[in-house]
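To start, the structure itself, in structure tokens.
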């Protein structure tokens, strides 16, 4: 048996709570689903899921521990991630401003088409450039590894991959809810501008929180 059944049950309960907690990944999926439809939401989910699998692999191989243990490297990743989230936030706010002005002039709002590849890369970078996820895999996942069963690296990866799958299922749900009827409703220029503006402010908040993240994982 690769995983301890009792620890796995506890892990699943804790993982559900963590998956449901709001964060940059879920916000990105929701906003892309509402703005661009289900396809964009699914593509964003794929990018974030790949990022989580990369984190799980890095944690199992000990790479995450090296990054978290190197102050300069961790700070570089923290700064890059916070700047990227701030850029996403500023871009959303500027887009909201333009949309509000267009709506005020009575113009029909036409959302700019985004290529799936670009959407995928945006989602992947949002996940990979978040060092809080590295700390999470180092502080949370190992608590549910049973060293007595052996294959500690494999257990770490399996638990991380399980979390990635659970997160993907949740984000697919967000995509389905965010698209469809909600997407048609947000075709209103002012409503969509308000949504983009709110999302931009939240992204800026995530950027500030990430910037203030301390390198603690013990």
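Taking the stretch 1-103 as the region of interest, the helices (runs of 4 or more DSSP H) fully inside it that hold 2 or more residues being at pLDDT 80 or above are 5-20, 24-36, 38-61. With respect to (1) surrounded by fewer than 19 Cβ atoms within 10 Å (Cβ to Cβ); (2) out of contact with any helix residue (DSSP H, G or I) (no Cβ under 6 Å at 6 or more places or on another chain); (3) in contact (Cβ under 8 Å) with a residue 40 or more places away in the chain, the lone exception for residue 5 is condition (3). Within the stretch 123-135, the set of residues being assigned to a helix (DSSP H, G or I) and surrounded by fewer than 21 Cβ atoms within 10 Å (Cβ to Cβ) comprises 124, 125, 132, 135. Candidates 163, 138: the one that is more than 13 Å from the chain's Cα centre (by Cα) and either at pLDDT below 80 or part of a helix (DSSP H, G or I) (or both) is 138. Taking (1) buried (at least 17 other Cβ atoms within 10 Å of the Cβ); (2) more than 14 Å from the chain's Cα centre (by Cα); (3) within 21 Å of residue 153 (Cβ to Cβ) in turn, residue 36 satisfies each apart from (3).
Residue-by-condition table, conditions (1) surrounded by 14 or more Cβ atoms within 10 Å (Cβ to Cβ); (2) more than 22 Å from the chain's Cα centre (by Cα); (3) over 30 Å from residue 71 (Cβ atoms); (4) at pLDDT below 80:
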{"residue": "146", "(1), (2), (3), (4)": "yes, yes, yes, no"}
{"residue": "151", "(1), (2), (3), (4)": "yes, yes, yes, no"}
{"residue": "155", "(1), (2), (3), (4)": "yes, yes, no, no"}
{"residue": "174", "(1), (2), (3), (4)": "yes, no, yes, no"}
{"residue": "183", "(1), (2), (3), (4)": "yes, no, yes, yes"}
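The values are calculated or read from the model by the stated rules, or taken from the named source; none is laboratory data. Quick caveat, the model's predicted, so the values are computed rather than measured. Note that we place each Cβ from the backbone using ideal geometry, even for glycine, and neighbour counts take in every protein chain shown.
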